[in-house]
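The structure under discussion appears below in the form of structure tokens.
The values are calculated or read from the model by the stated rules, or taken from the named source; none is laboratory data. In this text the structure is predicted, and so the values were computed from the model without any measurement. Please note: Cβ atoms are built from the backbone with ideal geometry, for glycine as well, and neighbour counts cover all protein chains shown. Accessible surface is based on the protein model in full, side chains and every heavy atom, while ligands, DNA and RNA are left aside. Shrake-Rupley method; radii C 1.70, N 1.55, O 1.52, S 1.80 Å.
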Amino acid sequence: MPGSFVLALDLGTSGLRASLHPVERPWEAAAIARRVYRVHRPQGADALAGRFAEADLTERVYGVIAEALSQPGAQGVEVTAVGIAAQRGGTAFLDADGRALYLAPNTDLRALFEGAAIEEAHGARLYAATGRAPAFLFAPAKLAWWRNHHPRISRRIARVTTLGGWAACLLTGEMGAGRAELAEAGLLDVSTGEVAVELLTDLGVDAALLPSVVEDGAPVGAVSAEAAAKTGLPRGAPVHLAGPDTGAAMLGMGAAQVNDVGIAAGWSAPVRMITPAPVFDAERRTWTGPSLPPGRAYVEASAGDTGGALEMVRRLLGARAGGGRLDRLVSQSRSGANMIAAFWGPHAINLSNPGVTMGGLLAPAPITYNPVRAAYVARATFENVAYAMRECVELVQSVTGAEARSIALGGGMAASALFPQMLADTLNAPVRRHSALATATGAAIAASRPASEWASATREIARRGEIAEPDVRGVLAYAESFARWKRLRARLEEMADEL
């Protein structure tokens, strides 16, 4: 399949993926390779911490790119650019020689107490500037952790960047970050679009540690000789930071116009509404910041570990739910899952105070008269996710005061043949289904054309989406089930102190 292609590198929460996408529409992947991460987690007092070993992650990044380029679909293609998207909250601190002193995924929670201290001292100011909380997720709290626990190492930190910034540096030797990247690291004043220098100074963060700011989607550098030799990428090909994975996914779902809603249903399920400017929630339940294309912002609610909940249920149910069998299992149960309700964690999370509550399955008893079957558990789990997404859509609409113009679904759950219809019925609104590779598609778009052309590309993506229209029978059934689910969840939240 000869022609010009973009290599999209997606450092997602659940793993690494490299895929080849044509420069011109329809941007569908011609070759895909995947790798899992190896996250090192210590025992004892640092059990909340998690980190990557730089040598190991380097090998995996090089390996996944080389594998994608060696596949049959990649033969004869010309790779003209690389687009990188990465998990939000992934962080890298580098020394003066560019070596990683700290390289961690977004599941590294070591700065929990440092974040709490920052919020106690600067909580309202922090949210007003950065548009996000809780502080422990972001770079300033993690820097504070290193100063508190390893002061000698902390003095060697010469650069602060994101996981995507580290990957770009690995391929090019150059440091840079877009505004969307800096915002997701808690380093940007989202109202001005500039680094939050005054706030960072008060938090003990020297703004000189930050990489130079490049326009979102602009190239950070070019593929180095070493990276070319390790991966098979052409030396000198431009490497673009396509922004955080959720922002890239919005491009890849065609959700780029004001009041568009996009749901990036991967390991987690952020629900974003595009806005003309940042919109702050008085209760700090949502995030806000710059969006792609430039000149837009977003308001985001989160449903939490939706993909994680599905993966857990797959493991619990065994082979019958493995691979592509989960849909078939769900189809064996009607809406309402025989009165079984799942509370695996997905719901509209208060992002400033995620908290912990009770969860699990609730079923009528005795089970002699209402058995709990695998199909009921599978459907109840799907419904749990759909209800959580509805809560999130309602929350972003409440915060913005606007109705969704359209609702797009991408990520892993978009691969389901049943879930888009279930979601449309739950929302009582059309849902436009897109690729499970929405993030990679967005990264390819960002790397293959100037930002002035992203809007037209997203309109083309939107036209290609598959529409699930709400069915009146499903709408009526899920309206009742959703109300019941909310009542039961409220009761469970009252039991949180039991934990």
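Three semi-axes describe the equivalent ellipsoid of segment 86-203; taken as square roots of 5 times the Cα gyration tensor eigenvalues and ordered largest first, they are 21, 17, 12 Å. Helix 112-130 against the longest principal axis of the chain: what's the angle in degrees, Cα atoms only, rounded to the nearest 10? Computed tilt is about 90 degrees.
Around the Cα centre of the chain, unit charges on the Cβ atoms of Lys, Arg, Asp and Glu (plus for the first two, minus for the last two) sum to a dipole of about 1220 debye.
With a 10 Å radius around each residue's Cβ, average the other Cβ atoms per peptide and rank 263-275, 219-231, 403-415, highest first.
Most protected by this proxy first, the peptides run 263-275, 403-415, 219-231.
Computed over protein heavy atoms with a 1.4 Å probe, the carbon and sulfur contribution to the accessible area of segment 351-436 reaches 53%.
Loop-located GluC sites (Glu not before Pro) in segment 231-331 (DSSP state not H, G, I, E or B) with no more than 14 neighbouring Cβ atoms inside 10 Å: E283.
Hey, any idea what % of segment 172-271's accessible area is carbon plus sulfur with a 1.4 Å probe? Please report the intermediate quantities before stating the final value.
Values: 1590 of 3220 Å².
Accessible surface attributable to carbon and sulfur in segment 172-271 totals 49 percent.
The residue among A227, A129, S352 whose Cα reaches farthest toward the positive pole of the charge dipole of the chain, with charges on the beta-carbon of Lys, Arg, Asp and Glu, is A227. When only Cα pairs below 8 angstrom with a gap of at least 6 residues are kept, segment 141-252 shows a relative contact order of 28 percent. All other residues whose Cβ lies under 9 angstrom from that of L126 are scored, Lys and Arg at +1 and Asp and Glu at -1, for a net of +1. At full extension, A207 and L48 could sit 54.5 nm farther apart than now, given 0.36 nm per residue minus the alpha carbon distance. Count charges around G247 for me, please; just the other residues with Cβ under 15 Å from its Cβ, Lys/Arg as +1, Asp/Glu as -1. Value of the local net charge: -3.
With all protein chains kept in place, the per residue accessible area of the chain amounts to 41 square angstrom at a probe of 1.4 angstrom. Paramagnetic label reach from A225 (point 7 Å along Cα→Cβ; backbone nitrogen cut-off under 18 Å): within segment 157-185, residues 170-174.
Put a dot 7 Å past the Cα of R235, heading toward its Cβ, do the same for V356, and the two dots end up 5.3 nm apart.
Peptides 109-120, 7-18, 449-460, 354-365 ranked from most to least packed by the mean count of surrounding Cβ atoms within 10 Å: 7-18, 109-120, 449-460, 354-365.
Note: relative contact order over the chain, using C-alpha pairs below 8 Å and six or more positions apart, is 15 percent.
Please identify every one of the chymotrypsin sites (Phe, Trp or Tyr not before Pro) in segment 362-399 that sits in a loop by DSSP and has no more than 10 other beta carbons within 10 Å of its own beta carbon.
Values: sites: Y369, Y376, F382, Y387; in loops: Y369.
Those satisfying the criteria are Y369.
Between segment 344-394 and segment 164-237, how far is it from one alpha carbon centroid to the other, in angstrom? Segment 344-394 and segment 164-237 have Cα centres separated by 39 Å. A simple charge model with +1 on the Cβ of Lys and Arg, -1 on the Cβ of Asp and Glu and nothing else charged puts the dipole of segment 146-293 at about 600 debye relative to its Cα centre.
Derived from the Cα gyration tensor, the three semi-axes of the equivalent ellipsoid of segment 219-337 are 33, 27, 12 Å, largest first.
FRET efficiency for the E78 to E403 pair, using the beta carbon distance and R₀ = 45 Å, is estimated at 0.55.
Can you put K486, K142 in order of accessible area, largest first, using a 1.4 Å probe?
Ranking K486, K142 by accessible area, largest first, yields K486, K142.
Taking every alpha-carbon pair under 8 Å whose residues sit at least 6 apart, segment 75-224 reaches a relative contact order of 26 percent.
Taking the chain as the reference, fit the longest principal axis to its C-alpha atoms, fit the long axis of helix 438-448 to the helix C-alpha atoms, and give the angle between the two in degrees, 0 to 90, nearest 10. Tilt of helix 438-448: around 30 degrees. Applying 1/(1 + (r/R0)^6) with r as the Cβ-Cβ distance of V258 and N370 and R0 = 51 angstrom yields a FRET efficiency of 0.60.
Is the C-alpha gyration tensor of segment 428-499 telling us rounded, prolate or oblate? Criteria: a/c under 1.5 is rounded; beyond that, a/b larger than b/c is prolate, otherwise oblate. It is oblate, given that a/c is not under 1.5 and a/b is not larger than b/c. Tell me which trypsin sites (Lys or Arg not before Pro) from segment 363-398 have a DSSP coil assignment and no more than 16 other beta carbons within 10 Å of their own. Filter output for segment 363-398: R373.
Other residues within the sphere of radius under 9 Å centred on the Cβ of A408, judged by their own Cβ, net out at +1 (K and R +1, D and E -1). As an exercise, use a Förster radius of 51 Å and the Cβ-Cβ distance of D471 and M495 to find the FRET efficiency, rounded to the nearest 0.05. Efficiency at R0 = 51 Å is approximately 0.90. Taking the longest Cα principal axis of the chain as reference, the axis of helix 54-70 is set at about 80 degrees.
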